[in-house]
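These notes are about the structure you will find just below.
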Amino acid sequence: MGKVVLVTGVARQLGGRFARRVQREPDVDRVIGVDAVPPAHHLGGATFVRADIRQPDIAAVLAEHGVDTVVHMDVNGTPLGPRGGGRASVKETNVIGAMQLLGACQKSATVSRLVIKSTTSVYGSAPRDPAVFDETTPSKALPSGGFAKDAVEVEGYVRGFARRRPDVAVTVLRFAHVLGPSADTPLAAYFSLPVLPTVLGYDPRLQFVHEDDAVEALRLAAGEPRKGTLNAGTFNVAGDGVLLLSQCARRLGRPTVPMLLPAIRWGRSALRSVGATDFSPEQIRLLTHGRVVRTTHTRDVFGFTPRWTTQETLAAFAHSRGEGLLPPQRLARTVDRVAALLRDERDERDEEVRQDG
């Protein structure tokens with residue numbers, strides 16, 4: 001008998017992609033996809049079970065299918081679709097759902113591996129932060145609310161579970177901001193705006209991870225470790241390289257509007273009222289102070305190096321969203337034309353001076 005893998009959050013694009021990918025592993029016999037709503041996309045040969053992880057019924061799902069590997073991907077920063085509820089519903093799914101799932105795993109006699117999709121947002125964003133975070137760097141200011149605080153709480157429950165069940169291999173993957181053609185993250189929504197509000201006087205450093213690399217990292221974590229690697233522990237996952245927010249805006253073809261923080265907060269309410277996007281306080285802090293993580297531990301111990309760099313990930317995302325109001329190619333041509341006109345004018349002036357002389 002092969003492995004039985006349970007994946008939560010399969011109604012989202014990333015969860016569905018992982019469910020389809022992991023079932024192709026030679027040692028995987030069955031994949032059970034769990035979510036509170038049916039997915040709009042196909043899950044390949046995975047079995048879909050409609051279940052709310054906030055309810056104790058998830059324990060019965062683990063027992064009924066003899067699950068030995070749990071990949072918890074239902075930790076997110078945004079509601080799922082128009083019927084996904086607001087912030088309160090998201091927090092319940094993130095925190096209460098994780099508590100119920102971990103309680104079910106603790107009682108299970110078959111679960112031997114647990115993988116948690118977390119986020120580098122657990123480090124927070126503050127003015128006195130170190131230039132680069134690694135997995136052991138304490139945060140100067142822990143997140144005080146929103147998705148980041150949910151992730152901090154979830155990781156705390158996971159550490160408690162690991163102490164109570166030392167026989168279960170536990171892996172926590174802290175992803176940088178996931179981008180790609182089907183990304184549905186808060187930062188993807190922000191980058192999709194026609195004009196990007198920015199914090200006046202700040203140009204934060206950002207990192208991204210391509211959704212393809214996120215799926216591959218989860219696949220490695222769900223399997224047996226390769227020779228010379230260890231896939232239990234906590235690992236940062238981010239593409240190589242760093243981009244400034246101003247560079248991101250230029251490459252996306254999005255003009256920026258620098259604003260004072262009070263105006264950003266007012267704009268947050270306005271954008272939320274029309275359903276464009278929602279600037280949470282944690283996202284405003286990110287757009288002010290940024291965040292960069294070190295991935296050396298992930299490469300050396302976990303044995304994973306992303307195929308896509310931060311720059312390539314943003315380029316793929318930009319291609320999927322189409323040209324902005326200021327496409328980089330058109331802007332470059334305009335700059336070249338202006339430079340040529342200035343050169344011609346300068347040459348004419350120089351020629352007139354020579355003739356007068």
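The values are calculated or read from the model by the stated rules, or taken from the named source; none is laboratory data. On a predicted model such as this, the values are computed, not experimentally measured, just so you know. With ideal geometry, Cβ positions are generated from the backbone for all residues, glycine too; neighbour counts draw on all protein chains shown. Quick note on the areas: whole protein, heavy atoms, side chains included, nothing else; ligands and nucleic acids left out. Shrake-Rupley method; radii C 1.70, N 1.55, O 1.52, S 1.80 Å.
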Evaluation of Q106 against (1) open to solvent by 40 Å² or more (accessible area, probe 1.4 Å); (2) within 23 Å of T296 (Cβ to Cβ); (3) assigned to a helix (DSSP H, G or I) (one fails), failing number: (2)
For T229: the one exception among (1) part of a loop (DSSP other than H, G, I, E, B); (2) under 30 Å from S112 (Cα atoms); (3) modelled with pLDDT of 90 or more; (4) not aliphatic (A, V, I, L, M): (3)
E216 within 13 Å of the chain's Cα centre (by Cα), modelled with pLDDT of 95 or more and either closer than 18 Å to G124 by Cα or of a type outside the set (S, T, Y) (or both): no
Leading residue by the ranking (least open to solvent (accessible area, probe 1.4 Å)) among those in the stretch 162-182 that are over 22 Å from A217 (Cα atoms) and not in a loop (DSSP other than H, G, I, E, B): R164
Unique match (being free of Cβ contacts under 8 Å to residues at least 12 places away in the same chain and over 23 Å from S280 (Cβ atoms)) among D57, D52, D68, D29: D57
Condition met for L114 (in contact with a strand residue (DSSP E or B) (Cβ under 8 Å, 6 or more places away or on another chain) and either in a helix (DSSP H, G or I) or touching a residue at least 12 places away in the same chain (Cβ under 8 Å) (or both)): yes
Candidate set: the stretch 232-244, residues that are closer than 13 Å to L114 by Cα and either modelled with pLDDT of 95 or more or within 20 Å of the chain's Cα centre (by Cα) (or both); chosen: the one surrounded by the fewest Cβ atoms within 10 Å (Cβ to Cβ): G233
Any hit, the stretch 183-195, residues being touching a residue at least 40 places away in the same chain (Cβ under 8 Å), of a type in the set (A, V, I, L, M), touching a Ser or Thr at 6+ places or on another chain (Cβ under 6 Å) and open to solvent by 30 Å² or more (accessible area, probe 1.4 Å): yes
Residues of the stretch 5-26 satisfying the condition of being open to solvent by 20 Å² or more (accessible area, probe 1.4 Å) and either touching a residue at least 60 places away in the same chain (Cβ under 8 Å) or not charged (D, E, K, R) (or both): R12, Q13, L14, R17, R21, Q23, E25, P26
Breaking point among (1) buried (at least 19 other Cβ atoms within 10 Å of the Cβ); (2) more than 19 Å from the chain's Cα centre (by Cα), for G228: (1)
Matching option when the condition is among the β-branched types (V, I, T) and either open to solvent by 20 Å² or more (accessible area, probe 1.4 Å) or under 20 Å from the mean Cα position of the chain (by Cα) (or both), among V67, V75: V75
Test: residue in the stretch 110-126 that is over 27 Å from E25 (Cα atoms) and surrounded by fewer than 17 Cβ atoms within 10 Å (Cβ to Cβ): yes
Qualifying residues in the stretch 27-41 (those that are in a loop (DSSP other than H, G, I, E, B) and over 19 Å from D57 (Cβ atoms)) - the one least open to solvent (accessible area, probe 1.4 Å): H41
